[in-house]
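Participant: Below: one structure in structure tokens.
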Amino acid sequence: MADQSHGDGGIAGHLQYWTVKLDESNPFMQIHMDTMLVSLVVAGLMFGFALWLKGRLVSGAPSGAQNAMESVVGFVDQTVKDNFPVHNPLIAPLAFTVFVFIALINTIDILPAFLLGNVAHLFGVEHFRPVPTNDLNLPAAMAVSVFVLVLYYEFKLKPVHFCKELLMEPFTNLVPGFLKPIVMPINLILKLVEEVAKPLSLSFRLFGNMFAGEVIFLLIAFLLLGGGAVGMAAGFFVGLAWTIFHLFIGLLQAFIFMILTVVYLSIAHQPAEH
Amino acid sequence: MSLDLTFIGQIVIFLTLVVLMRKYLYGPMIDLMEARSQKIADGLAAADAGNEAKAKAEVEIAEQLKEARTKAVEIIASAEKRSAEINEEAVVKAREEAQQIVDAARDEVGAELNRARQTLRAEVAGIAMLAAERVVESELDASRHATLVEGIVSRGFGNA
């Protein structure tokens with residue numbers, strides 16, 4: 001991608017980030033300004049909305065924004081209650097934030113493909129990716145945060161059981177006694193793979209879905225711009241259909257991320273059987 | 001498409017957002033919703049209690065009404081009995097009084113009759129004496145014959 005020319009570089013040209021490099025030699029020392037900017041704006045909007053709504057909460061029959069938020073809050077609360085054996089006051093707000101944050105960011109994707117990019121061009125920015133969930137950094141950040149929380153609760157609530165599980169599962173009971181020390185490292189490796197697979201699958205699922213969605217949007221957009229009258233008409237309708245479908249996918253991915261967050265944390269909260 | 005500092009920044013944004021959402025949106029809303037469901041539950045419980053009390057009161061009222069009705073029937077019955085007794089007493093008394101009046105009247109009539117008889121007897125004796133005097137003229141001893149005539153008269157009127 002790096003060798004693509006800037007500007008009209010085809011689809012790949014539209015898949016580059018607005019990058020600020022802090023250290024040319026180290027690929028880790030760079031920041032995607034577009035991802036940071038858009039997620040900060042969305043987070044700021046959510047915070048502003050929260051402050052605005054907090055002053056207007058009524059204890060009687062809710063209406064308007066409060067009613068809408070109450071249905072979301074009630075839905076998340078019910079999901080968490082259904083999945084959780086114990087009450088933890090942090091889980092529901094976490095799940096709520098995951099759901100709303102991802103759903104809002106994914107919804108940005110239904111804006112016309114080049115719109116925000118062109119707005120950014122007006123300010124002299126060459127590349128601009130409008131949807132932060134298309135940047136692996138955001139899904140990975142959330143998934144790793146959730147994973148760290150899961151590990152924290154595993155060690156806090158049942159340290160002995162968890163360590164035992166790391167070493168003893170799944171093979172120890174299947175081999176004779178003298179082989180147990182030999183299979184323990186194998187168990188550990190398998191278990192670590194299993195645990196690491198959680199944040200990996202969590203982040204890549206969201207990233208992959210949204211990235212593919214954007215690529216398809218770009219394909220449709222190029223069809224629309226480059227295919228003459230028929231192409232434009234076809235592009236318009238295909239684009240409309242894909243927008244509606246992608247809106248649904250965005251919401252679905254937000255829900256999946258939320259429900260998996262709740263489920264992983266719920267597993268960490270399950271009391272040890274032994 | 002690799003991880004970089006954005007990853008760190010996103011973790012900070014995400015965790016900050018979780019804390020802020022918990023404090024300013026989710027916490028207040030869930031408190032409010034729970035308070036509301038509690039209020040609704042309390043209201044429903046109060047309504048149930050009220051309905052129960054109402055049903056109880058209705059049963060009580062029906063019982064009291066029934067009791068009052070029975071009592072009223074009893075009172076009416078006893079009053080009717082009492083009035084019948086009074087009536088009966090009055091009738092008996094009236095009958096007695098009437099009897100007394102009739103008896104007194106009869107006594108009076110009897111006395112009157114006796115008196116009249118006495119008078120009549122005396123008069124008749126006088127007349128008879130007078131007549132006998134006229135018939136027998138002076139040859140008869142008035143006082144001796146008077147006794148005789150009186151005896152005759154009394155015997156004759158006494159049988160009459």
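No lab work stands behind these numbers, since they all come straight from the coordinates. Quick caveat, the model's predicted, so the values are computed rather than measured. Because the Cβ atoms are built from the backbone with ideal geometry, glycine has one as well, and the counts that use them run over all protein chains shown.
Participant: Work out the mean other chain Cβ neighbour count within 10 Å for the residues of A:84-93 and drop it here as an integer.
Facilitator: 2
Participant: Let me ask another. Evaluate peptide A:127-140: per residue, the Cβ atoms of other protein chains within 10 Å of its Cβ; return the mean as an integer.
Facilitator: Counting other chains' Cβ atoms within 10 Å and averaging over A:127-140 gives 3.
Participant: Out of B:GLN64, A:PHE255, A:VAL238, whose Cα points farthest toward the positive end of the dipole of the protein assembly as shown (charges: +1 Lys, Arg; -1 Asp, Glu; placed on Cβ)?
Facilitator: Positive-end residue among those listed: A:VAL238.
Participant: Then there's this: Pick from B:ALA104, B:ALA72, B:ALA131 the residue whose mean-square fluctuation is largest in a GNM of chain B, springs joining Cα atoms under 10 Å.
Facilitator: B:ALA131
Participant: Also, quick follow-up: Using the Karplus curve 6.51 cos²θ - 1.76 cosθ + 1.60 with θ = phi - 60°, work out ³J(HN,Hα) for each residue of region A:11-16 in order, rounded to whole Hz, and write x for Gly and Pro.
Facilitator: Values, residue by residue: 4, 4, x, 8, 9, 9 Hz.
Participant: For region A:1-154, what D do you get in µm² per second when you plug the Kirkwood radius from alpha-carbon pairs into Stokes-Einstein at 4 °C and 1.567 mPa s?
Facilitator: Rounded to a whole number, D works out at 71 µm²/s.
Participant: Ok, one more. Using only Cα atoms, locate the centre of region A:84-136 and the centre of region B:57-128, then give the distance between them in Å, rounded to an integer.
Facilitator: Here the answer is 113 Å between Cα centres.
Participant: Going through the DSSP H helices of chain A, which span 27 Å or more along their own axis at the Cα atoms while scoring at least 1.0 as a mean Kyte-Doolittle hydropathy?
Facilitator: Details: long enough: A:33-54 (31 Å, 1.63); A:64-83 (29 Å, -0.28); A:137-157 (29 Å, 1.38); A:180-226 (65 Å, 1.34); A:228-269 (59 Å, 1.84).
Span-like helices in chain A: A:33-54, A:137-157, A:180-226, A:228-269.
Participant: Using a Gaussian network model of chain B with C-alpha springs under 10 Å, which one of B:GLN64, B:GLN38, B:GLN99 is most mobile by mean-square fluctuation?
Facilitator: Top of the fluctuation ranking is B:GLN38.
Participant: Peptides A:124-137, A:72-85, A:46-59, A:26-39: what's the order by average Cβ count within 10 Å, highest mean first?
Facilitator: A:124-137, A:26-39, A:72-85, A:46-59
Participant: Which of B:GLY27, B:GLY110, B:GLY43 moves the most in a Gaussian network model of chain B with Cα springs under 10 Å?
Facilitator: B:GLY27
Participant: If I take every Cα pair under 8 Å that is 6 or more residues apart in chain A, average their sequence separation and divide by the length, what percent do I get for the relative contact order?
Facilitator: Over chain A, the number comes to 26 percent.
Participant: Take peptide A:146-153, look around each residue's Cβ out to 10 angstrom, count Cβ atoms belonging to other protein chains, and average those counts.
Facilitator: For this peptide, the per-residue mean of nearby foreign Cβ atoms is 1.
Participant: How large is log10 I(q)/I(0) at q = 0.11, 0.13, 0.16, 0.17 Å⁻¹ when the Debye formula is applied to the Cα atoms of chain B, each weighted equally and without solvent?
Facilitator: Debye intensities relative to I(0), on a log10 scale: -0.87, -0.95, -1.06, -1.10.
Participant: For region B:44-51, what does the Karplus curve 6.51 cos²θ - 1.76 cosθ + 1.60, with θ = phi - 60°, yield as ³J(HN,Hα) per residue in whole Hz, taken in order and with x for Gly and Pro?
Facilitator: 5, 4, 4, 4, 4, 4, x, 4
Participant: Let me have the 222 nm mean residue ellipticity of chain B computed from DSSP H runs of 4+ only, each contributing -39500 (n - 2.57), with the sum over all residues rounded to the nearest 500.
Facilitator: Calculated at 222 nm, the ellipticity per residue is -34000 deg cm²/dmol.
Participant: Enumerate the amide H contacts of A:GLN30 below 5 Å, restricted to partners 5 or more residues apart or on another chain; note that Pro and chain-start residues carry no placed amide H.
Facilitator: Close amide H contacts, sequence-distant or interchain: A:LEU22, B:LEU5, B:THR6.
Participant: Would you mind getting the Kirkwood hydrodynamic radius of chain A from its Cα pairs, rounded to one decimal in Å? Intermediate values should be presented prior to the final figure.
Facilitator: Numbers: mean 1/r = 0.0462 Å⁻¹.
After inverting the mean inverse Cα-Cα distance, the result is 21.7 Å.
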